[in-house]
Amino acid sequence: MQPVHFALAADAVLALHVALVLFVITVPLLLPVGLRLGWRWARRRRVRIAHLLVLGIVVLEAWAGWLCPLTDWEMALRARAGGVTYEGDFIAHWLGELLYVRAPPWAFSVAYSAFLALVLWVNLRHPPEGGWRRRGVGHG
């Protein structure tokens, strides 16, 4: 592969990372609106579980001091591309600026945990259609 291909792959990983961040942030913000307006996705158990899983992983990574695997992957691809930095690469620069906020690690752990608590509260207050338990075969 050519260095430019590694740089494009790194940009794609960064875009995926931003999409996941937007998913984590927007679902709980849009949930009350969606419930009020009758949006079907707002009642879907799978959406709620996927959201809680992703957010739970973020909180676990923060408290454990682990770097997100997507960040590792992106940086490895950038290194293979010859050390392409965010400067000079439009997509990587702007998405990177949006995603990578500078603060001490403990601040992220606290913020992620508080956000998880808020999401759990919203989910308990407005459970998904059919509740949280999945009904098995033969159950009413």
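Assorted remarks:
- From helices alone, the chain scores -24000 deg cm²/dmol at 222 nm; the rule is -39500 (n - 2.57) for each run of n ≥ 4 DSSP H residues, then divide by the residue total.
- All-pairs Cα distance distribution in the chain, expressed in whole percent, bin size 10 Å: 11, 33, 28, 19, 8, 1
- Nearest-ten-degree value, helix 3-37 long axis tilted from longest Cα axis of the chain: 20
- Loop-located chymotrypsin sites (Phe, Trp or Tyr not before Pro) in the range 1-79 whose Cβ has at most 14 other Cβ within 10 Å (DSSP): 39, 66
We did not get these values from a lab; they are worked out from the coordinates using the rules stated. Every value quoted in this text rests on a predicted model; they were computed, and no experiment measured them. Glycine gets a Cβ as well: all are built from the backbone with ideal geometry, and neighbour counts include every protein chain shown.
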